[in-house]
Structures are given as structure tokens and as C-alpha cells.
1. Any chance region 315-322 includes a residue that's among the acidic types (Asp, Glu) and open to solvent by 10 Å² or more (accessible area, probe 1.4 Å)?
2. Select the strands (runs of 3 or more DSSP E) contained entirely in region 123-242, then report the ones holding at least 2 residues which are open to solvent by 70 Å² or more (accessible area, probe 1.4 Å).
3. Identify, by number, the condition in (1) open to solvent by 10 Å² or more (accessible area, probe 1.4 Å); (2) touching a Ser or Thr at 6+ places or on another chain (Cβ under 7 Å) that Val332 doesn't meet.
4. Can you name the residue in region 278-301 that is open to solvent by less than 10 Å² (accessible area, probe 1.4 Å) and in a helix (DSSP H, G or I) and is also farthest from Gly249 (Cα to Cα) among such residues?
5. Count, please, the residues in region 63-105 that happen to be of a type in the set (Ser, Thr, Tyr) and within 19 Å of Ile153 (Cβ to Cβ).
6. Pick from Asp338, Asp247: which is modelled with pLDDT under 95, under 20 Å from the mean Cα position of the chain (by Cα) and assigned to a helix (DSSP H, G or I)?
7. List every residue pair whose Cβ atoms lie under 6 Å apart, where the two residues are 6 or more positions apart in sequence or sit on different chains, the first residue falls within region 195-218 and is within 21 Å of Gln248 (Cα to Cα) and of a type outside the set (Ser, Thr, Tyr), and the second residue, located anywhere, is open to solvent by less than 80 Å² (accessible area, probe 1.4 Å) and part of a loop (DSSP other than H, G, I, E, B).
8. Out of (1) touching a residue at least 40 places away in the same chain (Cβ under 8 Å); (2) β-branched (Val, Ile, Thr); (3) more than 27 Å from Val221 (Cβ to Cβ), what's the single condition that is false for Thr289?
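The values are calculated or read from the model by the stated rules, or taken from the named source; none is laboratory data. From a predicted model like this one, the values you see are computed outputs, not experimental measurements. Don't worry about glycine lacking a Cβ; one is built from the backbone with ideal geometry, like all the others, and counts go over all protein chains shown. With ligands, DNA and RNA removed, areas are computed over all heavy atoms of the protein, side chains included. Shrake-Rupley method; radii C 1.70, N 1.55, O 1.52, S 1.80 Å.
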Amino acid sequence: MSHTTSRRGLLFGTAAVSAGALLTACTSNDTKDDKAAANEQPAAADKPGKHVTIGFAGPQADHGWLNAINDNAKNRAEKYSDVSLEVTEGSNDTAQQIGQIETLINKKVDVLVVLPADGKALTQVGLKAMRAGIPVINLDRIFNSAQAYRCYIGGDNYGMGLNAGRYIGEKLKGKPNARVVELAGLDNLELTKQRTQGFDDALKNYPNIRKVARQAAEFTVESGQAKMAQLLQAQSKFDALWNHDDDQGVGALRAIKQAGRDDFLMVGGAGALSAFQAIKQDDGVLKATVLYPPSMAASAIDLARALGQGKGVGGLAEFEIPASITCYSAVVDKTNIDQYMSTGFR
């Protein structure tokens, strides 16, 4: 386990975590380099207060988005002179992650931020922390019981599919008998089902469009390439592709290039830097991606600090932080790519 203590004290105005800073962490877009935006955003508008030790436990960073989650959490904590961050090494083994969280509980951290490898499997350890008087910020993959966390913050999987479908629908609404295909993620994950459901619901508003094929990949470059090759072989003609994940989209784009196809538009998902660069270059099929912002981890640190200091969220009438926050899945295309470029993760 590593221990990270904040090194910089930033003095800002108000005595509560600002709603502006919180929302910026979910959708931030104002940095000057290729790091995730939350890394360079000002810390929440708040003078240093009571010292808070935050325990952070996430899964193994074996995917670009998960690595960005870790970076956002660590970099956000460093903004605060009154925050120390206890970081576990991360594991996809549920028993190991439970053990790591129990170690943080035994250390009596003030607040826990947990992105569980498996929300259902880790529900009991979330309950254990809450019963020990340690509030839990449940990040992205939700526990089975609301009693296992004080606040949930995560992305909008249904909204990703919905906004991808709307974007494609608007691009194709004047085309008779338009055909679309879908390259999904892992079908055994609820998030994949939600992304597909949102996409299908959006297409119901466009009677001229029909989804003619769907393949499930595995959120990896290799699976994206293999499954996209199968889609291209099976479908000689279609007008748009909705790909659930920009990492597997790297492989999908390889398959598309190898097949010599450029007769459709592609919409990706998550917000990888490689996708942003392709959209800005605008010389291929990838025209947009729908965000699933890893900066939610920075917001989780803001929320954990507020909980540890007994504060609410500025800009809201309530004295307490919300029980649930869902980040918006914005569509990024060539019209707004410069605004979001610095938020792209590697």
C-alpha cells in the first residue's frame, strides 16, 4: 500500500465545497495539457480546514479509463493541504480488494472512496465501513445496498447510449432506410446492457433508422479489432457504428482501415485522448465520442473531504452533500473538440 500526502495548500474563498468546482470535476474542460482536466482545475473553493485522511481503493488499472480514475483521485488530493490519501494497489480479485479495504478500516481513515471491482461482492465491506462510522463514497460501480455508502457518484451508462443514439439519429434523420450497427462491451456487465438500452431507446425516435447488427467485444483493443472485423464481413453496407468504448475502438479502427471501409460514421465512448485526436484530425470514420468522465474520481475526493469536514456543497440549499451524483455523458465532436481535448485520457 502506498501513502500519498498532499503537498500544496491552496487558499480560496468560501467555507463550503463549491458546486462549480464539483461540476467541473465531472465535466471539466479547461486545462492546457493532455492530462485529465481535474488534474489542473483549482481545488474546491474552500480554505483549509480540519485534516481528513481519505482511503482510496479501486480495481487494477488494466484499462486506460481505470488508470485515469487513479490519476484523477491522486492529483485532486494533492490540491489540498488538509488531505492525506491512503491508496491501495488496486486489484480485480474481490477477496484481495476486500482485504485492502478492511486494512483501511482498521487504520481508521476518516472517509473511504471505493470503486469496487464488483459492486455486489464488495457490498458487505462497504456496510462494515459504514457501521464502523467511516462514511463511504461509492464510485461508479454501485454497491447492492444503499446502506453500504453515504454518497454514490458515477457515470451515466444509459445516457451514453441515449446520447450516442441521438447524435447518430440527427445525422441520419434525412436518410431513408438508414442502417446502424453496434459494437458493445462485455455482455455480462450491467453497464453494457444499459448502454445498449439507451441507444435502442434513442433510435425509437427515428423511424427511418434500423439497427441491423450487434457484436459484443471485451473493452480491449484486440477484441475490438476481432469483433469489428466480423461486423464488417457480415454487413457490407451500413451508415453508422456505435462503439461502447474508445479503447476497444482503437482495434475497431484498425479493422475498418484494413477493410478499406469509409462509407459510414462512427461514434465512440468514454473520451480517450486517441479518440479526441482522431476526431480533431477528421480524416476517418470516427466523428464523435460520448464521455464517461474519469474526473468523477476527483469529484469523489472533493466529496470525501467535505464529508470529513462536516460540510455541504456550496450553491445548494441543503446542509448535506447529495446521496447520489450522476455525471453527464456529453457528446464531443469537431464542433467542441478543442474544449475537451485536455480531458482525454491515455
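1. yes
2. Hits in region 123-242: 209-216.
3. Here Val332 clears every test but (1).
4. Ile301
5. 2
6. Going through Asp338, Asp247 in turn, just one is modelled with pLDDT under 95, under 20 Å from the mean Cα position of the chain (by Cα) and assigned to a helix (DSSP H, G or I): Asp247.
7. As it stands, the answer is Arg195/His244; Ala213/Gln235; Ala216/Asp187; Glu218/Leu186, since those pairs meet every condition given.
8. (3)
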